[in-house]
Amino acid sequence: MGANLESSTCDLSGKVAIVTGGHTGLGFGTSVELAKRGARVYIASRSASKTEESKNEIRQEFPAADVHFLPLDLADLDSVRQAAEKFAQHESALHILVNNAGVMCVPYEETKDGSEMQLAVNYLGHFLLTKLLLPTLLNTTESVPEGTVRIVNVSSDGHAKLAPKQGIIFSDMNMKKDFSVWARYGHSKLANVLHAKELATRYSKIMSLSLHPGTVKTGLSQGPLSSTPLYRFIKPLVELGAPGPREGARSIIYAATSTSLTIERDNGAYILPIGKVAVASQAARDPKMAHDLWDWTERKTESLEH
Ligand SMILES: NC(=O)c1ccc[n+]([C@@H]2O[C@H](COP(=O)([O-])OP(=O)(O)OC[C@H]3O[C@@H](n4cnc5c(N)ncnc54)[C@H](OP(=O)(O)O)[C@@H]3O)[C@@H](O)[C@H]2O)c1
């Protein structure tokens, strides 16, 4: 076990959080735990009905839970812009942004903007959402103790094990040919780590972190089951002994709330379960790659403004 986990049981009354994909899987585990600690939680999801079910489940356990639906489809940058606008209509502060939603190893598909699905959902949509929320996050830092305002990118150890060794493939970001669904997943997760590192460089008042949550039994395996038929034989082994989403979310809660993490020492850190500041892959530690990826992504998202 890593650092002291006790501090992650803090009181979050008066704090506002957004959890993408917060209605299911690790996102649901995160929403419950943040709501339980008193935060107002916006579940950013593309499904109103699934979110309603999740809200009911949370309120059964914690009747006072303050949980809301924020419509968001990360594969659609217009939807991302609308989500940021809608949030700003309701809230003037944002303390915790958990960029959690994701897809893994889905068959090759492009969004309506022409981006490969894993890159789009796991990274591009989150980059734009974060960018649009940055003014609110920065404003919030003025009224709370240092290190309170956090951006948590839920990445994966796949950023190291599955991404191309050379790192970000700027010449072929969709990786349509010559790459597997697994390499595309790892690439998008590498982008999550680099994004958190570059956020920490550019915005020193916000604590930006990335993490691997560990192997957790969730719906994520639907992706490889659809792209890689043999995965059904491997899945039981991969998930052997793995926790469910409630327990699996502990690393996310740690990153989002623990006072053991300090902005001077840990901003931009990559965290392993549970609460261990760890060394990310060589590519993920390359400051030029982080900088270039930021620039590429800004140009990309700006070029897709309608
Ligand atoms: N589970 C693991 O072992 C593991 C390991 C390493 C990293 N992770 C990371 O953990 C994160 C959470 O995954 P999970 O394991 O909890 O998987 P999950 O149960 O499949 O949850 C994924 C979430 O992402 C949402 N999502 C997918 N596409 C979306 C889109 N276009 N717009 C908005 N939301 C979208 C899903 O919503 P819908 O219900 O609408 O599809 C769902 O809420 C992911 O980033 C994943 O890479 C998980």
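The values are calculated or read from the model by the stated rules, or taken from the named source; none is laboratory data. No experiment lies behind these values; they were computed from the predicted model shown. As a convention, Cβ positions derive from the backbone with ideal geometry for all residues, glycine included, and neighbour counts pool all protein chains shown. Note: accessible area is taken over every heavy atom of the protein model, side chains too, but ligands, DNA and RNA are not part of it. Shrake-Rupley method; radii C 1.70, N 1.55, O 1.52, S 1.80 Å.
Relative to the Cα centre, what is the charge dipole magnitude of region 6-303, using +1 at the beta carbon of each Lys and Arg, -1 at the beta carbon of each Asp and Glu, and rounding to the nearest 20 debye?
On the way: 33 positive and 32 negative charges, 102 e Å.
It works out to roughly 500 debye.
Per the 1.4 Å probe, what fraction of the accessible area of region 6-303, in percent, lies on carbon and sulfur atoms? Let's see the in-between values first.
Working: 6430 of 12410 Å².
After summing per-atom areas, the C and S share lands at 52 percent.
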Can you list the HN-Hα couplings for region 154-162, worked out from phi with the Karplus curve (6.51, -1.76, 1.60; θ = phi - 60°), rounded to whole Hz and with x for Gly and Pro? 7, 9, 6, 5, x, 4, 9, 7, 10
Which of the residue pairs Lys189/Lys288; Lys50/Lys276; Lys50/Lys161; Lys112/Lys300 have a Cα-Cα distance greater than 21 Å in the structure shown? Lys50/Lys276; Lys50/Lys161
Would you mind getting the accessible area per residue of region 1-158, heavy atoms of the protein chains only, 1.4 Å probe, in Å²? 38
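Hey, got a sec? Which GluC sites (Glu not before Pro) in region 212-299 land in a DSSP loop and have at most 16 other Cβ atoms within 10 Å? Intermediate values should be presented prior to the final figure.
Details: sites: Glu239, Glu247, Glu264, Glu298; in loops: Glu239.
Those that pass, being in a loop and sparsely packed, are Glu239.
Helices from the chain with mean Kyte-Doolittle at least -0.5 and a Cα length along the axis of 18 Å or more, per DSSP H: which? List each step's numbers first, then the result.
Details: long enough: 48-61 (20 Å, -2.09); 77-90 (20 Å, -0.73); 125-141 (23 Å, 0.82); 181-202 (31 Å, -0.33); 287-303 (24 Å, -1.62).
Qualifying helices: 125-141, 181-202.
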Counting only helical runs of four or more DSSP H residues, what would the 222 nm mean residue ellipticity of the chain come to if each run contributes -39,500 (n - 2.57) and the total is spread over all its residues? -13000 deg cm²/dmol
For labels at Gln166 and Asp178 in the simple 7 Å Cα→Cβ model, what's the distance in nm? 0.7
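Averaging over all projection directions, find the projected area of the Cα convex hull of region 203-252 and quote it in nm² with one decimal place.
Details: hull surface 19.0 nm².
Its average projected convex-hull area is 4.8 nm².
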Between Ser92, Ala120, His159, whose Cα lies farthest towards the positive end of the dipole of the chain when Lys and Arg beta carbons carry +1 and Asp and Glu beta carbons carry -1, centred on the Cα centre? His159
20 Å cut-off, amide nitrogen to a point 7 angstrom out along Arg285 Cα→Cβ, residues in region 174-190: 187, 189-190
Label points 7 Å out from Cα along the Cβ direction at Leu230 and Glu146: separation in nm? 5.2
Taking trypsin sites (Lys or Arg not before Pro) that fall in a DSSP loop and have at most 11 other Cβ atoms within 10 Å as cut points, what is the longest piece of the chain between them? 178-306
What FRET efficiency comes out for Glu302 versus Ala88 if R0 is 22 angstrom and r is the Cβ-Cβ distance? Round to the nearest 0.05. 0.65
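How about region 121-206: which GluC sites (Glu not before Pro) there lie in a loop by DSSP and see at most 14 other Cβ atoms within 10 Å? Please list the in-between numbers first.
On the way: sites: Glu142, Glu146, Glu198; in loops: Glu142, Glu146.
Passing both the DSSP loop test and the Cβ count: Glu142, Glu146.
How big is the shadow of the Cα convex hull of the chain, averaged over all directions, in nm²?
14.7
For the pair Leu138 and Thr259, what calculated FRET efficiency results from E = 1/(1 + (r/R0)^6), where r is the Cβ-Cβ distance and R0 = 30 Å, to the nearest 0.05? It would help to have the intermediate numbers written out before the result.
Values: r = 21 Å, r/R0 = 0.69.
Efficiency, rounded to the nearest 0.05: 0.90.
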